[in-house]
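For reference, the structure is listed below as structure tokens.
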Amino acid sequence: MDYGDFEAVIGLEVHAQLLTESKLFCSCSTKFGAEPNVHTCPVCMGLPGALPVLNRKAVEYAIKLGLALNCTINKRSVFARKNYYYPDLPKGYQISQYEEPICKDGYVEVDTEGGKKRIRIRRIHLEEDAGKLIHEGEIEKSSYTLVDFNRASIPLVEIVTEPDISSPKEAVAYLKLLRSILIYLEICDGNMEEGSIRCDANVSVRRKGDTKFGTRTELKNLNSFRYMEKALDYEIRRQITLLEEEKEVIQETRLFNPHEGVTYSMRGKEEAHDYRYFPDPDLLPLVIDDDWIEAVKRTIPELPQKKAERFLRDFGLPLYDVEILCSDKKLADYFEETVRLYPEPKTVSNWIMTELLRELKETNLPLDRIPFSPAMLAELLLLVKEGKISMKMAKDFFPQLFRRGVSPRKYVDEKGLSQISDESLIEEAVKKVLSAYPKEVEEYRKGKEKVLSFFVGQVMKETKGRANPKIVNELIREKLKRGLE
């Protein structure tokens, strides 16, 4: 994206919900989709006398992410109260970390049009989530708003970058990589629609060559890659227009309207000191020793970038295939297991990226719940290779195999779908078809090659799609050349 004489300076703050079974400071369930206000207790509602107890698993997940993002793990971190009023914040403050976060000074490297670029991670801190406001009808016309506190105190990690991002595309590349890492680590499900990952962006512009930052605005709740790119591009161009007209960019928080493609003001931006941070008197400092860090380090799997490098090197796949396969750990695992059983990587990749992903989209099933296993896909591909069924047949009945989770070999045998490769049987069908269409035979002999596909289609129809297409083609050409005898 070209911004003329100006350049953008972007920093991202990403909130990711952690996949713990209970909340950050109490035993209430974190399960999504329950009836409103059933996963609550005196602790997460902030009732008098209720005391928080820190969730150890949430701490381990934060350490795991910090290590994956090349951060320093602070041996001592402190929880603080971030004081502000909002209807879905039952305590009147949010327990977070401020001056002493759990992780700091990390980085990731993202692929950009200009090559690899390092994005520095300033900090990762643990905090509790707020509840959720539910507006009845359109917000502007709503007569009342409901509050659901099920989400209140669900554990979050907030990942804050340095202002190292220079374009909307770079921001999207960073967020996609971060989401993949969170999913690979199995600490967040990455579901942006359900709010498992929420992103805020700090955006400013300046003339190229300037070293001083411009006045920044904050874009809140960018919950999809497409919306993030559109929102950032609009906001950058809006600020450039103001500067070109010698107007002031106001520091404020803005929201993105995806229907109109514009950002609009939400409120004046508060500075950090307005939150009156102070250490939470009910929580001791968090102390982490080397043994704990080493134990967590041993649980870190192969991360997406390393896996992609290995797929390129070991399987010889195109970069496009690798990017899709490695975008989700479960998809990459599905591919690798299928290749182990049917060692033709490109064939497996093609099937996964076309047939499998299409069925996943149509059935809306997550990969870990589909009934069609890698062993079944390998079996199906082997049937094609053995000549028992054609590729077209395999694709035609794949949706039934996928949804029912049945053995392809058993399905083919039960339905009598085995491909006919007996030349004598196919020859009889070829003779019958050529005899039935003497006019078309004459046209072929006069040079009309396209008629060949017509004959192939008729023979396939005669054999109910079971004839081996390769043998059909060969026999038709032979008969047309030699005559029908």
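Taking H as built 1.01 Å from N, whose amide H comes closer than 5 Å to the amide H of ASN74, not counting residues under 5 places away?
CYS103, LYS104
Whose amide H sits under 5 Å from the amide H of ARG254, counting only residues 5 or more places off or on another chain, with H placed in the peptide plane?
GLU218, LEU219, LYS220, MET266
How far, in nm, would the chain grow between LYS306 and GLU442 when pulled straight, counting 0.36 nm per residue and subtracting the alpha carbon separation?
Contour length minus the Cα-Cα distance gives 42.9 nm.
List the Cys residues of the chain that have no partner Cys with a C-beta closer than 4.7 Å.
CYS26, CYS28, CYS41, CYS44, CYS188, CYS199, CYS326
Is any residue of the range 153-197 close enough, with backbone N under 15 Å, to a label point placed 7 angstrom from the Cα of TYR107 along the Cα-Cβ axis, and if so, which?
Those under the cut-off are 161-165.
So if each residue of separation counts as 0.36 nm, and I subtract the Cα-Cα distance between GLU386 and LYS31, what length gain in nm does that give? Present the calculation step by step, with values, prior to reporting the outcome.
Details: separation 355, 0.36 × 355 = 127.80 nm, distance 4.68 nm.
Going from the current span to full extension adds 123.1 nm.
Suppose every K and R has +1 on its Cβ and every D and E has -1 on its Cβ; what is the size of the dipole of the chain about the Cα centre, in Debye to the nearest 20?
On the way: 76 positive and 81 negative charges, 318 e Å.
Using Cβ point charges on Lys, Arg, Asp and Glu, the chain gives about 1520 debye.
If amide H atoms are built 1.01 Å from N in the plane of the peptide, which residues on other chains or at least 5 residues away come under 5 Å of the amide H of ALA80?
So ALA80 has HN proximity to SER96, GLN97, TYR98, ASP280.
Quick one: grab the alpha carbon gyration tensor of the chain, order the square roots of its eigenvalues as a ≥ b ≥ c, and give me rounded if a/c is under 1.5, else prolate or oblate depending on whether a/b is larger than b/c. Before the final figure, lay out the partial values.
Numbers: a/c = 2.56, a/b = 2.05, b/c = 1.25.
Prolate shape, in that a/c is at least 1.5 and a/b is the bigger ratio.
Students often get this wrong, so check it: of LYS208/LYS247; LYS23/LYS306; LYS230/LYS395, which have C-alpha atoms separated by over 26 Å? Spell out each step's value before the answer.
Details: LYS208/LYS247 18 Å; LYS23/LYS306 32 Å; LYS230/LYS395 37 Å.
Over 26 Å Cα-Cα: LYS23/LYS306; LYS230/LYS395.
In what sequence do LYS57, LYS479 fall when counting other Cβ within 10 Å, fewest first? Mind showing how you got there, number by number?
Details: LYS57 15, LYS479 18.
Least crowded to most crowded, the residues run LYS57, LYS479.
Relative contact order for the range 304-415: what is it in percent, counting Cα pairs under 8 Å that are at least 6 residues apart?
On the way: 89 pairs, mean separation 25.2, N = 112.
Relative contact order, the range 304-415: 23 percent.
Helix-only mean residue ellipticity at 222 nm, the chain, DSSP H runs n ≥ 4 weighted -39,500 (n - 2.57), per residue, nearest 500. What is it?
Numbers: 16 runs with 187 residues, N = 485.
Rounded to the nearest 500, the figure is -12000 deg cm²/dmol.
Please list 3J(HN,Hα) in residue order for the range 305-320, calculated via the Karplus relation 6.51 cos²θ - 1.76 cosθ + 1.60 where θ = phi - 60°; whole Hz, with x for glycine and proline.
Result, rounded to whole Hz: 5, 5, 5, 4, 4, 5, 4, 5, 6, 8, 9, x, 7, x, 4, 4.
So, in nm, how far is label LYS431 from label LYS247 when the simple model puts each one 7 Å beyond its Cα toward the Cβ?
A separation of 8.6 nm, rounded to one decimal place.
Can you work out the Karplus-derived ³J(HN,Hα) for every residue in the range 54-61? Use 6.51 cos²θ - 1.76 cosθ + 1.60 with θ = phi - 60°, whole Hz, and x for glycine or proline.
Result, ordered by residue: 5, 7, 5, 5, 4, 5, 4, 5 Hz.
Cα to Cα, under 24 Å, and not fewer than 8 places away if on the same chain: which lysines meet these conditions relative to LYS481?
Here the lysines satisfying the reach criterion relative to LYS481 are LYS431, LYS432, LYS439, LYS446, LYS448, LYS450, LYS461, LYS470.
Run the numbers on the chain and let me know its relative contact order in percent, using alpha-carbon pairs under 8 Å that are six or more apart. Let's see the in-between values first.
Values: 818 pairs, mean separation 64.6, N = 485.
About 13 percent, as a whole number.
Please list 3J(HN,Hα) in residue order for the range 112-123, calculated via the Karplus relation 6.51 cos²θ - 1.76 cosθ + 1.60 where θ = phi - 60°; whole Hz, with x for glycine and proline.
Here the 3J(HN,Hα) series is 10, 4, x, x, 5, 9, 8, 10, 7, 9, 6, 6 Hz.
Relative contact order for the range 31-173: what is it in percent, counting Cα pairs under 8 Å that are at least 6 residues apart?
Values: 267 pairs, mean separation 32.6, N = 143.
Once divided by the residue count of the range 31-173, the mean separation gives 23 percent.
All of the numbers you see were taken from the coordinates with simple rules; none came from a lab. The structure displayed is predicted, hence computed values, not measured ones. Reconstructed Cβ throughout: ideal geometry from the backbone, glycine too, with neighbour counts over all protein chains shown.
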